[in-house]
1. Just give me the residues in region 31-48 being among the hydroxyl-bearing types (Ser, Thr, Tyr) and either near the ligand (Cβ under 8 Å from one of its atoms) or over 15 Å from the mean Cα position of the chain (by Cα) (or both), in sequence order.
2. Which residue pairs have Cβ atoms under 7 Å apart, sit 6 or more places apart or on different chains, and have a first residue in region 151-162 that is without any contact (Cβ under 8 Å) to a residue 40 or more places away in the chain and a second that is open to solvent by 30 Å² or more (accessible area, probe 1.4 Å)?
3. Can you pull out the residues in region 189-210 that are within 18 Å of Ala8 (Cβ to Cβ) and of a type in the set (Val, Ile, Thr)?
4. Looking only at region 273-301, how many residues end up being out of contact with any strand residue (DSSP E or B) (no Cβ under 9 Å at 6 or more places or on another chain) and either open to solvent by less than 40 Å² (accessible area, probe 1.4 Å) or within 11 Å of Val225 (Cβ to Cβ) (or both)?
5. Gly77 is checked against (1) touching a Pro at 6+ places or on another chain (Cβ under 9 Å); (2) open to solvent by less than 20 Å² (accessible area, probe 1.4 Å); (3) within 13 Å of the ligand (Cβ to nearest atom); (4) not polar (S, T, N, Q) and fails just one. What number does that condition carry?
6. Report yes if Asp2 is more than 22 Å from the chain's Cα centre (by Cα) and either in a loop (DSSP other than H, G, I, E, B) or more than 10 Å from the ligand (Cβ to nearest atom) (or both), otherwise no.
7. For Glu156, state whether it is open to solvent by 10 Å² or more (accessible area, probe 1.4 Å) and under 23 Å from Arg30 (Cα atoms).
8. May I ask you to list the residues in region 91-123 that are of a type outside the set (Val, Ile, Thr) and more than 25 Å from Ala178 (Cα to Cα)?
Amino acid sequence: MDDDLVVARGLTKRYGSRAAVDSLDLTVRRGEVYGFLGPNGAGKTTTLRMLLGLVRPTGGSARVLGHPPGDPRGLRGVGALVEGPGLFPHLSGLDNLRVAARWAGLPESAAGPALAEVGLEERAGDRASAYSLGMRQRLGVALALLGSPELLVLDEPTNGLDPAGTADMRALLLRCRAAGRTVLLSSHLLSEVQQVCDRVAVVRDGRVLTEGTVAELRGGAELVVAAEPLATACRVAEAVLGADSVLGSSAGSPGRIRLRGAPADVPRLNAELVGAGVQVWALQVEERSLEDVFLELTGGA
Ligand SMILES: Nc1ncnc2c1ncn2[C@@H]1O[C@H](COP(=O)(O)OP(=O)(O)OP(=O)(O)O)[C@@H](O)[C@H]1O
């Protein structure tokens, strides 16, 4: 099988005349954490449910691990957490995993490593009913991890979690990424996605507005320099960063220049400015957050 673990082309789900998902294209490659990002009602859950074979598409096509959605041959390699885990509250975290392992035809010994991967070993013997929401959510991820699936599908894994629970989930996702797991996760929390995902699709009204690496979506950084004299500073900046690097300037005392550049350009730019006798009052790097991009794309949705 090739390295595109999930491929959707023109995937569509209509409820009556309304398209919950509208001609959606997406590709999840092996080893990446792919963020499916959009506001409430964008069609994220419907898309993930279609990819798992839980909802029948009204149009388009999809392959998951080389098979049609819901095909047992593909599902064998998928672990999923969609809309909260089904737990036995009276059983311990470890016993929940042992039971699920048995149902999945796996040895009970698969439970321990899954529990360890989500950082719950110390609470292994506690009843699930005594777990916090964040811990239950992580136990849900452990259930999805049983059998070490090729693809992990998580629908809004941080939904409803407090900052500590969110941080724990983020750490877990980063561990998954470091372990080379392939993860498809949905979220409306931009900061989360920005920190854990390799690539992101931004969706709204069932459509993908853009897809790319977090860095691509954010675009290049800008450098803001406060310096005197302004004309010399502009000349030096163009010499260091290129003729079209000056995006704007404003006179003042000191004057300000906005430049297209990268954080790595800062030391040389500063040295050249000072070398040319320019007084540098401030030199700042301004990077767009994914949130800025998202708000631009969705018009503040
Ligand atoms: N069974 C259904 N019948 C009718 N409409 C539905 C159904 N399921 C979803 N929808 C509609 O499809 C749209 C997309 O819903 P979906 O749950 O996929 O969005 P989402 O991005 O996951 O949002 P949220 O974060 O709020 O769960 C919504 O307008 C929703 O009301």
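1. Within region 31-48, Thr45, Thr46, Thr47 qualify.
2. Thr158/Leu189; Gly160/Leu133; Leu161/Leu133
3. Hits for region 189-210 are Val200, Val202, Val203, Val208, Thr210.
4. The qualifying residues number 1.
5. Exception for Gly77: condition (3).
6. Against the criterion (more than 22 Å from the chain's Cα centre (by Cα) and either in a loop (DSSP other than H, G, I, E, B) or more than 10 Å from the ligand (Cβ to nearest atom) (or both)), Asp2 qualifies.
7. yes
8. Leu91, Ser92, Asp95, Asn96, Arg98, Ala100, Arg102, Trp103, Ala104, Gly105, Pro107, Glu108
The values are calculated or read from the model by the stated rules, or taken from the named source; none is laboratory data. Small disclaimer: the values here were computed from a predicted structure and weren't measured. Cβ sites come from the backbone with ideal geometry, for glycine too, and all protein chains shown count toward neighbours. Only protein heavy atoms, including side chains, enter the accessible area calculation; ligands, DNA and RNA are left aside. Shrake-Rupley method; radii C 1.70, N 1.55, O 1.52, S 1.80 Å.
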